Amino acid sequence: MMDWTDRHCRIIHRLMSRRARLYTEMVTAQAVIRGDRQRLIGFDAFEHPVALQLGGNDPVLLAEAARIGADFGYDEINLNCGCPSDRVQGGAFGACLMREPDLVGDCVAAMKAAVSIPVTVKCRIGVDDQDPEAALDALTAAVRAAGVDALTVHARKAWLQGLSPKENREVPPLDYERAYRLKDANPDLVVTINGGIRAPEEWSGHLVRLDGVMIGREAYQNPEILLQVDPLLFGEAAPVADAFAMLEALEPHIAAHLERGGRLHAFTRHLVGLFPGQRGARLFRRHLAEHCVSAEAGLADLRAAAGHVSRYEEAAVAAA
Ligand SMILES: Cc1cc2nc3c(=O)[nH]c(=O)nc-3n(C[C@H](O)[C@H](O)[C@H](O)COP(=O)(O)O)c2cc1C
């Protein structure tokens, strides 16, 4: 997610689930090819498994960017066919590609030919006045013919005129049944669902019908739900017991970042959703905002922020 799931955020998320697949922000193929690669797509080996999401509509450029991503060590290359922003519409990629299934097929075929890691697509169920049955079937047929390894369906349309990207994540109605029908019609295709999925209790319901669940905003705004991924979905213990343990495990990553001249804020800006509803959470957030932003801020400031939250109360709630 743009501006959210940068490499620092992904470390935080990885500390709470060994198994969840993490995705980069969308990076355009042109930027990967011509831009500052380390800044744009550099990542820490600790983040694996991690997918690079590309934006673009030119098979040649996407193939080149995919190859660069694979050389960087990414585990998957994902093509964005769902973003409705003006900038993306200006470049005729993202959600606009729902209208161009043949071109998307060409893009996937070129990317598949360039790399040996999985190539996947994230799409909507349609745009504007498209019929979601026909639009999603056409896109699926094209990418299947090109050898796509998986499809993630954000189960609502994008309305390209008149809605902001934020509204396009909220206003067009969700239609999970459309994604289920797609899977029923394509039983051998890996289909993952996305859109409005929050509580862990919802995950298993989707997994009865589909192969995976992609969680966007809830994972960012309430990252502790990630502690439930490994136990619930993989039958394995979570890597850490709670958010306090996560913050302790995060310290060496922050220390290395500070050592390289980075700022504490690069990590702490992704921590405001920790400790939801717990006593002291507001003071934690306030401490992050007031003491963890400056260039001099260090680990002691983060520890002090966490010190506002009562561990004892958490234990008491767990025992109740
Ligand atoms: C701040 C923000 C940035 C996003 N950036 C991307 C992006 O770069 N690529 C993408 O495929 N989706 C992006 N999305 C959309 C989410 O991946 C997801 O499809 C959408 O939020 C619906 O899922 P959710 O209800 O679980 O959040 C973004 C969403 C938000 C809130």
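Per-structure values
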{"quantity": "Selection count, the stretch 175-192, where residues are assigned to a helix (DSSP H, G or I) and aliphatic (A, V, I, L, M)", "calculated": "3"}
{"quantity": "Subset of the stretch 125-145 that is without any contact (Cβ under 8 Å) to a residue 12 or more places away in the chain and among the charged types (D, E, K, R) - its residue that is least open to solvent (accessible area, probe 1.4 Å)", "calculated": "Asp131"}
{"quantity": "Per-region count, the stretch 193-213, residues outside any loop (DSSP other than H, G, I, E, B) and open to solvent by less than 30 Å² (accessible area, probe 1.4 Å)", "calculated": "6"}
{"quantity": "Matching option when the condition is at pLDDT 95 or above, within 24 Å of Ala306 (Cβ to Cβ) and assigned by TED's automatic domain parsing to the domain that holds Leu271, among Ile225, Ile254", "calculated": "Ile254"}
{"quantity": "Residue count for the stretch 16-55, restricted to those that are in a loop (DSSP other than H, G, I, E, B), open to solvent by 10 Å² or more (accessible area, probe 1.4 Å) and touching a residue at least 40 places away in the same chain (Cβ under 8 Å)", "calculated": "5"}
{"quantity": "Selected residue [open to solvent by 20 Å² or more (accessible area, probe 1.4 Å) and modelled with pLDDT under 95] from Gly277, Gly235", "calculated": "Gly277"}
{"quantity": "Qualifying positions in the stretch 192-232 - away from the ligand (no atom under 15 Å from the Cβ) and touching a Gly at 6+ places or on another chain (Cβ under 9 Å)", "calculated": "Glu224"}
{"quantity": "Members of the stretch 146-168 that are within 14 Å of the ligand (Cβ to nearest atom), free of Cβ contacts under 8 Å to residues at least 60 places away in the same chain and buried (at least 19 other Cβ atoms within 10 Å of the Cβ)", "calculated": "Leu151, Val153, Ala155, Arg156, Lys157"}
{"quantity": "Of all residues in the stretch 72-100 being assigned to a loop (DSSP other than H, G, I, E, B) and more than 12 Å from the ligand (Cβ to nearest atom), the one that is least open to solvent (accessible area, probe 1.4 Å)", "calculated": "Tyr74"}
{"quantity": "Near pairs, Cβ below 9 angstrom, 6+ apart or cross-chain, from the stretch 297-320 (open to solvent by less than 90 Å² (accessible area, probe 1.4 Å)) to any residue that is modelled with pLDDT under 60", "calculated": "Ser310/Ala316"}
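The values are calculated or read from the model by the stated rules, or taken from the named source; none is laboratory data. Note that the coordinates shown come from a computational prediction; the quantities given were computed from them, not determined experimentally. Positions of Cβ are backbone-derived with ideal geometry, glycine not excepted, and every protein chain shown enters the neighbour counts. Note: areas computed on protein heavy atoms with side chains; ligands, DNA, RNA excluded. Shrake-Rupley method; radii C 1.70, N 1.55, O 1.52, S 1.80 Å.
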